[in-house]
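Participant: The structure follows.
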Amino acid sequence: MVPSAPGTAEVRRDGALDRPRAAGLHRPGEMALGDALRAECWESIGPRTRQRLAELSGTAIDWFTGRDPAADGRPYAVTFGHAGLSIAEPRINTDHRPVYAISSFQFAPGSLRHVAVDHRPAPQPGPAAGAAAPPPEIGLSQAAGGVLGNLPPRAQELLQTPFLQGQKVLRNLWYYEGFEHRFTAFVYFLAGANDVTVATGTMVVPAGHSPATAHWSLTCYRASVARRIGR
């Protein structure tokens, strides 16, 4: 587990995302695999915390966990649902007891939209179409930009579009698990004061392909933020 040529997209006709303005693409970075699975971390988080995450996020779409090195490896959790995106982070309270701080980006009713991105390039990349635009400066770390750079161009555009006019990325986390040539789960989100974008799905590198021509099956989501809970 690690928390932290374009295909053709199927677009929902009802409430679908608009076609985004072109955004520069990030260069792909390394996506190493760890040895922990999200289910194991999830079970070590208390039931009251898990229940609160479910209440805030609503009907579940996806979720993940990871271990926070700044909190002695205690797990954190992210839940993404129809009502919001919520994060539980390990903390120590004033009595020196381990607790969880919960924050949430609550979605405006009816604002959650999605697009399917089914990326199936040929085994050999096509010829370059000239110099590519540099990736936008939206406040991502090098590691975050590297993970994003592995995604299909269409998915990168959809994730970044709300942040191209100056909206700041306040939270950004990701998760994937599986094998070197196949991710059985993948989640990546960008959250700002006004919008949240999320990509979820799977990846496979078919025989005869390389990571540069991996096949991705993703759903990209976007929702407007009505209010924030916590930081």
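Participant: Over the chain, average the accessible area per residue using a 1.4 Å probe and give it in Å², no decimals.
Facilitator: 52
Participant: Kirkwood hydrodynamic radius, region 137-201, all distinct C-alpha pairs: what's the number in Å? Show your work: numbers first, answer last.
Facilitator: On the way: mean 1/r = 0.0816 Å⁻¹.
So the Kirkwood estimate lands at 12.3 Å.
Participant: Going by average Cβ density within 10 Å per residue, which order do the peptides 49-60, 83-94 take, highest to lowest?
Facilitator: Details: 49-60: 16.6, 83-94: 18.7.
Top to bottom by mean Cβ count within 10 Å: 83-94, 49-60.
Participant: Ordering 118, 72, 62 by how much accessible area each has at a 1.4 Å probe, largest first, what is the list?
Facilitator: Sorted descending by solvent-accessible area, the residues read 72, 118, 62.
Participant: With no solvent and one point on each alpha carbon, what is the Debye value of log10 I(q)/I(0) for the chain at q = 0.08, 0.13, 0.15 Å⁻¹?
Facilitator: -0.29, -0.78, -1.03
Participant: Roughly speaking, to the nearest percent, how much of the chain's 1.4 Å accessible area is carbon and sulfur?
Facilitator: Carbon plus sulfur share of accessible area: 51 percent.
The values are calculated or read from the model by the stated rules, or taken from the named source; none is laboratory data. Just so you know, these numbers come straight off a predicted model, no measurement behind them. Cβ: placed from backbone, ideal geometry, glycine included. Neighbour counts: every protein chain shown. What goes into the accessible areas is simple: the full protein's heavy atoms, side chains included, and nothing from ligands, DNA or RNA. Shrake-Rupley method; radii C 1.70, N 1.55, O 1.52, S 1.80 Å.
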